[in-house]
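Comments concern the structure below.
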Amino acid sequence: MGLVAALMAAILPITSYAAATAPKPPDPDSIKKGMAAAPGVITQAGLDCNLANARLLGKATDAKTKVASSYYEIACKQAEGFIVAVPDKGGAAQVFTCLEVRNTPTSGAQCMLPENADPKQGLIALVAKYKPGCSVTDARAIGQTADRTATVFEVACQGGPGYNIQASFPLSVAKPATFNPCFAMPADSPEKCTLTDAATSSSYVDSLATKMGKPCVVTNRRYVGATNDGSSFFEVACDDKKGYMIEQAANGDIKPAIDCAVADNIGGGCTLTNSRAAQTEQAGLYTRLAHEAGYPCDVSQYAPFNVNVPGHEVVELACSNRPDGAVAIFPASSSEKAQIYDCAHSEIAGYRCSFTKPDASFAALTADLNKAGKSSCVVSGSRFIGKTTDGTAYLETACADGNPGFIISYSPGPPFVPKEAIGCAFAKGIAGGCQLPTNQKHG
């Protein structure tokens, strides 16, 4: 990354044209000449610009290359302005944004058209496209890459994290850009943020932790990375030795936290906490809570559901002491008991088990049929059908003996109590009737 101070050297000779202490303001003649040349300048420089105004600054010859160039200021509608140096004898134009030339206030090549009076406004559209939650309070240019393929900026956001922006060269809102939060920039990097300090960035990450749905007093934090859709991931370590991954969508929304114990597939996993130790400890906690809720499960494996249930976390449990697992809704408050749905009935509650094999749940469904007065069927298959508007749920079962199965109706829960078992021959009016293969062969 080359810094602006070095890259601006080619444009500095324009000071010999302008006043030594102040750039020359626009005048009608310079604007007339600039507007006449602007369409060709925009095309030659490859600018994405809906022309609003332009002026000719003057001519200057580079002391080293002896190349004479004409210098123009270009103002674009609702976009960043530019200073463009066009070689008189042909060749590639030099392009700098108004934010870049603002970094060299002694240069005569300054943006002075009214439309370019506040250069940071030229980044508003780009920021809104990628980070709509950022209200820009300040901005600066950091530089251009040595190969002139990217322009780098920093923006500060009101109440937000601030960003390092890797944008196109020449700058265009229509082309892709990468936004890295200031929190991610190393302190010794030439691209580090100066408009947003480290304390502000850290406190912003801490504020995200308060919205992730987990109790956590943050003791450490780090930026993990971003996805193609603009979501950012942060890791936080908490004073209770737990840790989480926080996913923030491009619009600023916070998704449910991901426990470090199950976050190994996100950016290489957590590094601020011991995820193996955390997983063992968490499994022990879930075991205790499940037993207290009346479901004797010695948790051997668990996985949080990516859902937002305020004040609760929803977790699938696999058990070492029984074949059938469950879905547990654990409250954040210790005064409230967990709600447990065994995998035979979890789909009624809206959650599907993945750890538990389907046949491990059949015994519970056989018991439901017995409660409904149908003792001739040992369940060998099942299918959740759905719910009615009053909350009544329907589940289809198949029988191991090959005889027609039943559709069980359940009362709105929890708990989900079997109300009635209807033979498939009489259940054709319930969402199309029975669909399991052994039931369909009976017509």
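The values are calculated or read from the model by the stated rules, or taken from the named source; none is laboratory data. Note that the coordinates shown come from a computational prediction; the quantities given were computed from them, not determined experimentally. Using ideal geometry, Cβ is built from the backbone for each residue, glycine included, and neighbour counts are taken over all protein chains shown. Accessible surface areas use protein heavy atoms only, side chains included; no ligands, DNA or RNA. Shrake-Rupley method; radii C 1.70, N 1.55, O 1.52, S 1.80 Å.
List of remarks:
- Residue match in region 363-371 (condition: under 17 Å from ALA293 (Cβ atoms) and out of contact with any Lys or Arg (no Cβ under 8 Å at 6 or more places or on another chain)): yes
- Of all residues in region 185-238 being over 23 Å from VAL127 (Cβ atoms) and modelled with pLDDT under 90, the one that is most open to solvent (accessible area, probe 1.4 Å): ASP188
- When region 358-387 is filtered for residues that are part of a loop (DSSP other than H, G, I, E, B) and either under 33 Å from the mean Cα position of the chain (by Cα) or among the small types (Gly, Ala, Ser) (or both), the ones remaining, listed by number, are ALA372, GLY373, SER375, SER376.
- When the criteria are applied in full, THR389 fails the requirement of being open to solvent by less than 40 Å² (accessible area, probe 1.4 Å) and hydroxyl-bearing (Ser, Thr, Tyr).
- Checked against the criterion of being touching a His at 6+ places or on another chain (Cβ under 9 Å), small (Gly, Ala, Ser) and open to solvent by less than 30 Å² (accessible area, probe 1.4 Å), the candidates SER361, SER346 yield just one match: SER361.
- Filter result for PRO176 (assigned to a loop (DSSP other than H, G, I, E, B), open to solvent by 50 Å² or more (accessible area, probe 1.4 Å) and either of a type in the set (Phe, Trp, Tyr) or out of contact with any His (no Cβ under 9 Å at 6 or more places or on another chain) (or both)): yes
- Residues of region 276-313 satisfying the condition of being within 24 Å of the chain's Cα centre (by Cα), acidic (Asp, Glu) and exposed (fewer than 14 other Cβ atoms within 10 Å of the Cβ): none
- If the condition is being within 22 Å of VAL299 (Cα to Cα) and either surrounded by fewer than 20 Cβ atoms within 10 Å (Cβ to Cβ) or in contact with a strand residue (DSSP E or B) (Cβ under 7 Å, 6 or more places away or on another chain) (or both), then region 257-268 contributes ALA257, ILE258, ASP259, CYS260, VAL262, ALA263, ASP264, ASN265.
- Every condition in (1) closer than 18 Å to THR196 by Cβ; (2) surrounded by fewer than 18 Cβ atoms within 10 Å (Cβ to Cβ); (3) among the acidic types (Asp, Glu) is met by ASP147 except one, and the failing one is (1).
- Near pairs, Cβ below 7 angstrom, 6+ apart or cross-chain, from region 229-245 (among the small types (Gly, Ala, Ser)) to any residue that is open to solvent by 10 Å² or more (accessible area, probe 1.4 Å) and assigned to a loop (DSSP other than H, G, I, E, B): GLY230/ALA250; SER231/ALA249; SER231/ALA250; ALA237/LEU272; ALA237/THR273; GLY243/CYS270; GLY243/LEU272; GLY243/THR273
- Only residues that are touching a helix residue (DSSP H, G or I) at 6+ places or on another chain (Cβ under 7 Å), open to solvent by 20 Å² or more (accessible area, probe 1.4 Å) and closer than 19 Å to ASP27 by Cα were counted across region 37-61, and they come to 4.
- Members of region 92-146 that are of a type in the set (A, V, I, L, M), assigned to a loop (DSSP other than H, G, I, E, B), at pLDDT 90 or above and touching a helix residue (DSSP H, G or I) at 6+ places or on another chain (Cβ under 7 Å): ALA93
- Every residue from region 392-420 that is in a strand (DSSP E or B), open to solvent by 30 Å² or more (accessible area, probe 1.4 Å) and of a type in the set (Asp, Glu): GLU420
- Only listed residue being surrounded by 23 or more Cβ atoms within 10 Å (Cβ to Cβ) and in contact with a Leu (Cβ under 8 Å, 6 or more places away or on another chain), chosen from VAL155, VAL101, VAL127: VAL155
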